[in-house]
Amino acid sequence: MKLTVAVGAKIMLTRNVDVSDGLVNGAQGTIKMIIKRRNNSSTISNVVALLVQFDDANTGSNARKQSRFPVENKQFSSATPIARSEISFTLS
């Protein structure tokens, strides 16, 4: 299955990432930047994180402070990096 995302897309977290930081199932925001590996390829395997501006400004404040993804552009300073994750499951 392939999921297509783009800058400006509205998103909603579908699992708890960090409950104490408000990064919970149902938190909504907008993709501000797609962070890729340095080789600049457009393939999905090179996406490492999404930079998300959450609707609630407090959501992700701790994640922003502790981010391993440097945000050089000040216009994204209030956006939260959400690292890529994959979940496998089986339907029966």
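For VAL48, the residues whose amide H sits under 5 Å from its own are ILE35, LYS36, ARG37, ignoring neighbours fewer than 5 places away on the same chain, with H placed 1.01 Å from N. With a simple spin-label model that places each label point 7 Å from the Cα along the Cα-to-Cβ direction, the separation between LYS10 and THR30 comes to 1.1 nm. Distance between the 7 Å Cα→Cβ label points at ALA83 and ASP56: 2.3 nm.
With R₀ fixed at 30 Å, the C-beta to C-beta distance from ASP18 to GLN75 puts the FRET efficiency at about 0.80.
Throughout, read-outs are computed from the coordinates displayed, never taken from laboratory work. Computed from a predicted structure; not experimentally measured. Please note: Cβ atoms are built from the backbone with ideal geometry, for glycine as well, and neighbour counts cover all protein chains shown.
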